[in-house]
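Inspection log for the structure reproduced underneath, given as structure tokens.
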Amino acid sequence: MEMAHLWGILFLSLHAMVPITLAAIGETIEESAGLFNIGLEGILLLGALAGALGAEASGSASIGLLSGMTAGALVGLLFGWIGTTLRGSQLITGVGINLFALGFVALMLTVLGAPGFHSVSREIQVPLIPLGVGSLSPLVPVTIVLAFAVWWLLRRTQLGIWIRAAGDNPGAADVAGLPVNALRLGTAVAAGMLAGLAGAYLSVDWFGAVTKEITAGRGFIALAIVVFSGLNPLLALLGGFIFGLFDGLATWVATYPGIKEIIPWQFVAMAPYIVTLAVVAGGIGRVRFPKGLGVPYLRE
Amino acid sequence: MANSAIDPKGQAPKTPVHGQILLEARGLSKGFPGVWKHLILDHLDFDVRAGEVHTLLGENGAGKTVIANILSGYYGKTDGEIRVKGKLVSFDSPRDGLAHGIAMVHQDLMLVGAFTVAQNVMVGLKAPPFSFRLHQVERKLDELVAHYGLQVDPRARVEDLSAGEQQRVEILKVLFHEPEVLFLDEPTSLLTPHEADQLFVVLRAMADEGKGIVFISHKMREVFAVSDRVTVLKLGKMQGTCHISETTEDELTRRTFGETVPDYMERPAVRSDKLAIKVSNLIPQGLEKKAPKSGFSFTLRQGEILGLAGVAGNGQSELIASITGLASPASGQIIILGEDMTKRSPRAFIEKGVAHIPERRREMGIVEQMFVAENVVLKDYRQTPFSRNTVLNHHEITAHAQDIVARFNALVPDLWDTECRILSGGNIQRLILGRETWRKPPVIIASHPTEGLDAKAIRHTWDLFLELREQGSGILLISEDLDEIMSLSDRIGVMFEGAIVGVVEGQDADRELLGHWMAGTAAQAA
Amino acid sequence: MTTSAQWLRRVGPLIESLLAGLIGLVIGAFIMLAFGYDPLAAYLSLFSGSFGSVYSWAETLANATPLILTALTFAIAMRGGLFNIGAEGQLYMGALAAVAVSLIHLPSPFNIIVSLVAAMVAGMIWSLPVALLKLGRGVHEVISTIMFNWISHFFAFYLIANVLTDPKRGEKTISIVESARLGRILPTASLNYGLVIALITVAFILFFLWRTSAGFELRASGYNSEASHYAGISLRKQVMRTFLIGGAIAGLAGAVQVMGRPPTYAVMSGMPQLVNLGFDGIGVAMIGRNHPVGIVVAAIFFGGLMVGGRIMQFDPGVPFELVRVIEGVIIVTLAVPELRRIFSVARRKLSGGG
């Protein structure tokens, strides 16, 4: 294998890492406070759409990314509101969001032109940083910085203590005077924002297009990574990279002559999910989730 | 911290109490006359002085926890005045109380398991969101730990600590805010006697510094080990306050647990010698640290009612879980009707003939969302005629449910349309009684069976128990109601700190003696 | 409880679903207006396309058939207090197992029976590990079922492309052998006897949940695991039963789709006729309030939306995807217990201040 191939795989992996890790980091904040959003996939999709539309309307890629974040924040707000104030089922809301997003994005694609596909023109895509051996999207370093920032937020700030208390023992947090539902709502918005950004990245940066299948289950992979990382954003970064690696490898295996006859690409594609299962099954004793996860908080 | 200040054998410190009145309540009331049997708190006068350890003594339901909650800001009051150092105050929340220097350590632990001790303290901190004062908090906690001799490591994860250590963490959490008055609700419930003594040393030190400590307890040994003054409450009413040196254990026991002698219900003597239950050296799950190495040991004969008295929290729930199969015991042996049933499943106990009337009717005794008829056969649905080859026979189930409802006077609108959730507690209990006793089971474990029932239902239940006893059932009655225990039991035992301390014949039982055992004072020869 | 309050309790969930459905349609109308479509014409076209003729009814029912089954999988789990969203993965395996086993070339009807059984077994094999992981390692089924869905997805692709491939046409599997095909009920529509199988399953589950001791145990443990433990019910057994039964039914869903769908009676690469049946089933179950009869009604509604949606796309040109949007809104609406609170308040007032 030549060096060019190795660099290619590395860059491919880093790019694939971005959306998964961003969504995972956001979900980590949310789960630390006790909310479980299975609708990440839907938010990614909506973020992709919003990102593309925003970029086109304004002619700027950054506005596109911001639009994605805004769309995600709004959906996150809805999810948080239903899950906290209204004490609704987080799982059912998440499933509903996924279905809605699937339909809405497909609808918009048809309405806006070629059904099922909408490309974002080159000029308004996020410009890549040429590094000699390849071009890197600026969102890669952004993702890495965000991973550290969220780690710092959760583990080294007073706010992080409050968030984690609300997730682990909302009763104790309440008694100590914390606004549990407000905290949870805030984390839902933050998670939505990051997932929206991840989605916008897919359309305005990486793929440069919006399709119905553009998310390809990445929202669910992000959920798995959150489990895998034990709510540690740095481990989520690592997990995202590993998944990205498999993602890149699968494409590579499917096309590289000589290899593709020996290893069916489908098994490489399966590998991340099997690994997640193994980690979750093997390590679940050591990984510890907030006791209040998924349960709406009711003051007695 | 000289240990000579405390002598667990019952010599009270002789320091007179003359400190400033830190906290005072006058005419404090809670509750509305006519709504409940009695006011929860009935015009109480209470004060806490600097430099004293003041114990609040009383049975369950006496109001000790309520008064503490009100005076520290967790509950509101209906009437009366509260003064802090002479100034009139009104608390809207525990934070208000804390701001005035009054704090409470509850019996229930309110800790974030995943955090360290220091991080738990940070939860309640008033600090800007992006600050991180962990090290400052840890340092201050180190100082507090050293100063008071509380054995807690501020850097340890709460989950990894024992229940006793966690209780100390709660105390430390509160000390961090430097209160002047500290309420502690049954702080030794999770502690071993040794840990309790260590706690008393700490409390004494705090008092000597000028704080006012209010200590809620029902255990006489503790009262005499650490108090300066003691106040007795009974059913929300003040029974008196005095300096510990002015009273005796006997007098306090009498004041706390009452003097009336209930009617012992006459009945023929126990005929059988066959054992329904034989428990030997049982240490139930959860009591491994608390219980003495000998654990629980007792026997119950067929056709006998054994009453186990005792204030809640002395191991009752754990014992019941072990002898009904709900939890595997840590050690010991349980023999039911001659068969070793240690560690068997609940189903095995049910099939052996052990009926269980649980304390928590709504959460455990029934499935609230299911219908009346379904709950009536909740344990019998597997047997013919209610099902055959896994197919349920609605006709038989309906007939049976009708029968039970009628015989036990349960007021239910219908059998298959009403979720049990909407029934009153009393009616639910009637259904449970019917369900558990209709087969005249050889062994009945009844936990607080008449709590919340009206007088007629209580009488009905007592008659039922005596009738079942006549027919050969062995009944283990666990209750906090001494009247009930003394009226029904052939023999009476008292549960205290994970063991049974003393067993007497029901007819000869002396309320004062029982009170002594419930309070943990060494029984004088009756 | 007065009789009107009782009536409200029984009918309440139905009203909630209707209300949610209405909200979904209203929001769909707003979206259509936003894009310049005429909602009335669109809905007219939608509903006549799904329920307007015998042919449309047939197509609607054909679409409803697998949804009934995948919805049952989810609903049974919900009744047992578990969240089984693995129908998707289980049904792929069921479909492929049916294809494989039909190749034994047994005469009909044995081949049909054998293929269906094989599909059920395949579904069970796929759901068994989820149950074991939950019981043995405490793995939450939401995560494990999602993982198994994706593993099944790729494994199915592999089988379609490499193991069960039709030698003549590489983009599909070998067709189900004639003797294992489910006959059509109407010669011109895709409605087939799979519907009968689905309805038989509904009857069986109805009987199982409310007329057997096993069903009793499942419902009790779903409502209150502590009381069930107290009553001697084995909670571990319930987890196993829930996932195994659910897996079998999901496998059946896959089989029915392949064995009954003309003209190819095979699984195409990309699995267009299988994909999303599991997730749509979740929606159907929720709208049907996890009750077998409600599920049938909800499945017909969903199936109708899909058929009518295509007609609506044809004329007046509203994209079919709007149907998914409406489904999503309905489900989010159902997540809100506010609806239930309105009803419990009404119920209390009617029963005289309860």
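The values are calculated or read from the model by the stated rules, or taken from the named source; none is laboratory data. What you see is a predicted model, and the numbers here were worked out from it, not measured in a lab. Here Cβ is always computed from backbone atoms with ideal geometry, including for glycine, and neighbour counts include all displayed protein chains.
Odds and ends about this structure:
- Qualifying residue in the range B:118-139 (condition: in contact with a strand residue (DSSP E or B) (Cβ under 8 Å, 6 or more places away or on another chain) and of a type in the set (S, T, N, Q)): no
- Taking helices (runs of 4 or more DSSP H) as the structural unit, those lying wholly within the range C:194-295 and holding at least 1 residues that are within 14 Å of chain B (Cβ to nearest Cβ) and surrounded by fewer than 23 Cβ atoms within 10 Å (Cβ to Cβ) correspond to C:194-211, C:213-223, C:225-230, C:235-260.
- Qualifying residue in the range B:251-258 (condition: loosely packed, with under 15 Cβ neighbours inside 10 Å and either assigned by TED's automatic domain parsing to the domain that holds residue B:53 or among the charged types (D, E, K, R) (or both)): yes
- Among the residues making up the range B:257-278, those that are modelled with pLDDT under 80 and touching a Leu at 6+ places or on another chain (Cβ under 9 Å) are B:257, B:258, B:262, B:264, B:265, B:267.
Yes/no matrix, rows are residues, columns are (1) touching a residue at least 60 places away in the same chain (Cβ under 8 Å); (2) closer than 26 Å to residue B:469 by Cβ; (3) away from every other protein chain (no Cβ under 14 Å); (4) touching a strand residue (DSSP E or B) at 6+ places or on another chain (Cβ under 9 Å):
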{"site": "B:256", "(1), (2), (3), (4)": "yes, no, yes, yes"}
{"site": "B:280", "(1), (2), (3), (4)": "no, yes, yes, yes"}
{"site": "B:291", "(1), (2), (3), (4)": "yes, no, yes, yes"}
{"site": "B:295", "(1), (2), (3), (4)": "yes, no, yes, yes"}
{"site": "B:305", "(1), (2), (3), (4)": "yes, yes, yes, yes"}
{"site": "B:325", "(1), (2), (3), (4)": "no, yes, no, yes"}
{"site": "B:350", "(1), (2), (3), (4)": "no, yes, no, yes"}
{"site": "B:354", "(1), (2), (3), (4)": "yes, yes, no, yes"}
{"site": "B:357", "(1), (2), (3), (4)": "yes, yes, no, yes"}
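- Qualifying residue in the range C:150-163 (condition: within 13 Å of chain A (Cβ to nearest Cβ), in contact with a Leu (Cβ under 6 Å, 6 or more places away or on another chain) and either acidic (Asp, Glu) or not in a helix (DSSP H, G or I) (or both)): no
- Where a residue in the range C:31-60 is within 14 Å of chain A (Cβ to nearest Cβ) and under 20 Å from residue A:100 (Cα atoms) and its partner, wherever it lies, is outside any helix (DSSP H, G or I) and not polar (S, T, N, Q), with Cβ under 7 Å and at least six apart: C:32/C:318; C:37/C:316; C:37/C:318; C:42/C:316; C:42/C:318
- Comparison of A:199, A:219 shows that the only residue that is touching an Asp or Glu at 6+ places or on another chain (Cβ under 8 Å) and in a helix (DSSP H, G or I) is A:219.
- Pairs, first outside the structural domain of residue B:282 (by TED's automatic domain parsing) in the range B:492-510, second among the basic types (Lys, Arg) and outside any strand (DSSP E or B), C-beta under 9 Å, six or more apart: none
- Flag if residue C:16 is of a type in the set (D, E, K, R) and either modelled with pLDDT of 85 or more or assigned to a loop (DSSP other than H, G, I, E, B) (or both): no
- Qualifying residue in the range B:411-430 (condition: at pLDDT 90 or above, of a type in the set (S, T, N, Q) and crowded, with 16+ Cβ neighbours inside 10 Å): yes
- Every residue from the range B:431-446 that is crowded, with 24+ Cβ neighbours inside 10 Å and assigned to a helix (DSSP H, G or I): B:431, B:432, B:433, B:435
- Checked against the criterion of being touching a Pro at 6+ places or on another chain (Cβ under 7 Å) and either modelled with pLDDT of 90 or more or within 14 Å of another protein chain (Cβ to nearest Cβ) (or both), the range C:92-104 has no qualifying residue.
- For residue B:97, the conditions (1) in contact with a Ser or Thr (Cβ under 6 Å, 6 or more places away or on another chain); (2) within 10 Å of chain A (Cβ to nearest Cβ) are fulfilled apart from (2).
- For residue B:118: the one exception among (1) under 27 Å from residue A:289 (Cβ atoms); (2) modelled with pLDDT under 90: (2)
- Residue pairs whose Cβ atoms lie under 9 Å apart, separated by 6 or more positions or on different chains, with the first residue in the range B:146-159 and in the same structural domain as residue B:206 (by TED's automatic domain parsing) and the second among the aromatic types (Phe, Trp, Tyr), are B:157/B:115; B:158/B:115; B:159/B:115.
- Top-ranked residue in the range B:179-208 [being part of a loop (DSSP other than H, G, I, E, B) and modelled with pLDDT under 90; ranked as farthest from residue B:110 (Cα to Cα)]: B:192
- Residues being in contact (Cβ under 8 Å) with a residue 24 or more places away in the chain and over 23 Å from the mean Cα position of the chain (by Cα) - total across the range C:16-27: 1
- Subset of the range C:155-174 that is of a type in the set (Lys, Arg) and surrounded by fewer than 17 Cβ atoms within 10 Å (Cβ to Cβ) - its residue that is modelled with the highest pLDDT: C:168
- When residues of the range B:351-369 are limited to those that are buried (at least 21 other Cβ atoms within 10 Å of the Cβ) and of a type in the set (A, V, I, L, M, F, W, C), the one nearest to residue B:478 (Cα to Cα): B:357
- Residue, surrounded by the fewest Cβ atoms within 10 Å (Cβ to Cβ), within the range C:132-141, restricted to residues that are touching a helix residue (DSSP H, G or I) at 6+ places or on another chain (Cβ under 7 Å) and at the interface with another protein chain (Cβ under 9 Å from one of its Cβ atoms): C:137
- Selection from the range B:204-223 of residues that are farther than 25 Å from residue B:255 by Cα and not charged (D, E, K, R): B:205, B:206, B:207, B:210
Results for (1) within 30 Å of residue C:319 (Cα to Cα); (2) surrounded by 22 or more Cβ atoms within 10 Å (Cβ to Cβ), shown as yes or no for each residue.
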| position | (1), (2) |
| --- | --- |
| C:16 | yes, no |
| C:21 | yes, no |
| C:24 | yes, yes |
| C:39 | yes, no |
| C:57 | yes, no |
| C:67 | yes, yes |
| C:98 | no, yes |
| C:106 | no, no |
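- Residue C:121 being not in a helix (DSSP H, G or I) and not charged (D, E, K, R): no
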